[in-house]
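The values are calculated or read from the model by the stated rules, or taken from the named source; none is laboratory data. From a predicted model like this one, the values you see are computed outputs, not experimental measurements. Note: ideal-geometry Cβ built from the backbone for every residue, glycine included; neighbour counts use all protein chains shown. Just the protein is used for accessible areas: all its heavy atoms, side chains included, with ligands, DNA and RNA removed. Shrake-Rupley method; radii C 1.70, N 1.55, O 1.52, S 1.80 Å.
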Amino acid sequence: MAGEGEAARPLLEEKPDVYFDGCPGCAMDRRKAENPGIPYGLFFHMWIINLVTCLPVSSLFPFLYFMIRDLGIAKRVEDIGFYAGFVGASYMLGRALTSIFWGILADRIGRKPIIVITTFSSLVFNTLFGLSMNYWMAISTRFLLGFLNAYAVEVSRPEHHTIGLSLVNTSWAIALIIGPAIGGYLAQPTEKFPNLFSADSLFGRFPYVLLCLFISIICFIVLISYIWLPETLHTHKVHKKKDDQCRESLITYLSDSKEFDKQCSTSTKNKGLLTNWPLMSSIVLYCITCFDDMAYSEIFSLWAESDKKYGGLSFSSEDVGNVLVVTGASILLYQTFIYPHIVKVLGLINSSRVATILSMVLLFTYPPMANLSRPWLSIVVNIASMLKSCSIATIVTCSFILQNNSVPQDQRATANGIATMLMSLFKAFAPAGAGIVFSWAQKHQHASIFPGDQMVFFLLDIVVLFELIWTFKPFLDIPKQSSSS
């Protein structure tokens with residue numbers, strides 16, 4: 001009897017998975033099954049990759065205002081914001097045109113080749129941006145921000161998805177520490193370090209090439225590390241009689257009829273992504289939040305560096321860089337140590353709602369800050385910037401988790417391609433619209449309703465209000481996996 005019980009136990013309790021030799025996806029699944037711990041090594045590798053691809057974007061914020069001024073495009077100081085907005089808009093528009101293509105290609109040939117291609121493109125076009133003074137940067141740089149979030153899920157067990165996505169998202173926080181420091185201190189080196197760089201040198205002709213070269217060198221070093229990056233896509237061939245294979249494998253290895261029905265149905269049915277409302281509703285929340293993030297980032301730098309007579313703070317590029325460095329450090333600490341506990345207590349949706357309400361309150365406090373004097377001005381600006389950015393990080397990370405829980409593994413890259421394309425379109429409109437509104441506000445300092453920059457931050461509050469509304473039904477449909485967890 002004991003022997004029979006022991007023989008029957010594996011059929012009743014254990015449900016081993018089927019792995020195919022030579023398939024990198026199966027190898028990763030086997031690795032996850034054999035190592036239930038958190039894969040910190042893989043998480044750190046992806047974190048570094050995403051960090052270097054975010055640097056070309058984050059380094060732009062501190063010197064964008066002065067770059068437009070130096071180029072002589074704006075005829076008046078009030079027009080600088082108008083032209084600055086189109087710098088970010090053109091970059092994100094180029095990214096939107098290729099995101100779905102990269103996502104579909106990643107589901108066909110694998111994640112690793114796409115990471116190599118997009119990172120190499122970022123390296124090349126970032127260098128050309130500094131040399132040619134071209135506003136079009138690499139169209140694939142920010143694609144990895146969404147692409148690696150799918151990858152972070154695939155190298156970890158389901159119970160570690162929140163940690164993995166949170167850690168990958170903190171790479172943007174670190175990019176906000178390193179990027180602004182690079183942009184603030186290495187831009188215009190002939191003015192800041194005249195003893196080291198001559199005005200007649202290459203760095204005098206191209207005042208922004210030094211920081212671009214520095215970032216490109218870092219990208220090249222990380223590109224070499226891709227040799228040790230594992231692939232996660234399943235590449236084993238499926239036999240013609242797929243339903244027969246499904247039945248034979250599941251009858252042998254599964255005793256749960258519900259799981260049997262689920263596995264067979266998913267093998268014969270490929271649900272359309274565009275009709276997957278849990279996926280699309282979470283993408284919409286992600287897009288609105290990214291619109292808010294991009295518009296805020298654009299406006300904050302322009303507002304902080306504009307003169308006080310126009311309602312600004314008269315900050316230098318170093319001052320803005322310092323604020324962004326402190327903000328990035330706060331996001332890193334928040335997402336590493338605080339965010340997982342908040343989500344565990346409040347859940348994904350309630351965490352997002354609290355973050356949006358906090359963000360709305362903060363935006364109303366920005367215009368009066370122009371009346372403060374140092375050192376209180378710096379203290380208040382840093383605190384507000386930290387809280388605002390942590391609020392955005394909360395919503396973005398929650399939307400990432402909802403997206404990845406809405407689709408199976410073989411559709412995640414394509415789903416993230418759709419999300420990245422739509423997000424890029426939103427981010428293309430955000431800086432352009434923010435720049436136009438900011439330029440208009442600079443010219444209307446004495447309006448009767450919401451004068452000057454008050455109108456700018458009021459409109460940002462309207463966007464955040466839409467974020468809050470979208471977290472409620474029937475707009476947001478929560479995936480069953482997220483609901484149960």
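The set of residues from segment 362-388 being out of contact with any Gly (no Cβ under 8 Å at 6 or more places or on another chain), assigned to a helix (DSSP H, G or I) and open to solvent by 10 Å² or more (accessible area, probe 1.4 Å) comprises Leu362, Pro368, Asn371, Trp376, Ser378, Ile379, Val380, Asn382, Ile383, Met386, Leu387. The condition of being β-branched (Val, Ile, Thr) and in contact (Cβ under 8 Å) with a residue 40 or more places away in the chain holds for only one of Val361, Val396, that being Val396.
Taken over segment 443-462, the criterion of being among the polar types (S, T, N, Q) and either closer than 15 Å to Phe364 by Cβ or open to solvent by 70 Å² or more (accessible area, probe 1.4 Å) (or both) is satisfied by Ser448, Gln454.
Conditions (1) at pLDDT below 90; (2) not β-branched (Val, Ile, Thr), marked per residue:
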{"position": "Gly321", "(1), (2)": "yes, yes"}
{"position": "Thr327", "(1), (2)": "yes, no"}
{"position": "Ile338", "(1), (2)": "no, no"}
{"position": "His341", "(1), (2)": "no, yes"}
{"position": "Lys344", "(1), (2)": "no, yes"}
{"position": "Arg353", "(1), (2)": "no, yes"}
{"position": "Leu358", "(1), (2)": "no, yes"}
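The condition (being of a type outside the set (Gly, Ala, Ser), more than 21 Å from Cys54 (Cα to Cα), out of contact with any Lys or Arg (no Cβ under 8 Å at 6 or more places or on another chain) and modelled with pLDDT under 75) is satisfied by just one residue among Asp244, Asp200: Asp244. How about segment 311-324: which of its residues are in a helix (DSSP H, G or I) and surrounded by 20 or more Cβ atoms within 10 Å (Cβ to Cβ)? Within segment 311-324, Ser317, Val320, Gly321, Val323, Leu324 meet the criteria.
To keep it simple, each residue is scored yes or no on (1) touching a Phe, Trp or Tyr at 6+ places or on another chain (Cβ under 7 Å); (2) closer than 18 Å to Ser171 by Cβ; (3) at pLDDT below 75; (4) open to solvent by 30 Å² or more (accessible area, probe 1.4 Å).
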residue	(1), (2), (3), (4)
Tyr40	no, yes, yes, yes
Leu51	no, yes, no, no
Phe61	no, yes, no, no
Tyr65	no, no, no, no
Gly81	yes, no, no, no
Ile109	no, no, no, yes
Pro113	no, no, no, yes
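In segment 433-445, the residues that are within 10 Å of Met455 (Cβ to Cβ) form Cβ pairs under 9 Å with partners that are at pLDDT 85 or above and of a type in the set (Ser, Thr, Tyr), at six or more places apart or across chains, as follows: Phe438/Ser306. Across segment 469-483, the number of residues qualifying as crowded, with 17+ Cβ neighbours inside 10 Å and assigned to a helix (DSSP H, G or I) comes to 2. The residues on offer are Ile469, Ile392, Ile462, Ile418, and the sole one that is among the hydrophobic types (A, V, I, L, M, F, W, C) and at pLDDT below 85 is Ile418.
Just to be sure before I move on: is Leu285 modelled with pLDDT of 50 or more and assigned to a helix (DSSP H, G or I) in the structure I sent? Yes, satisfied.
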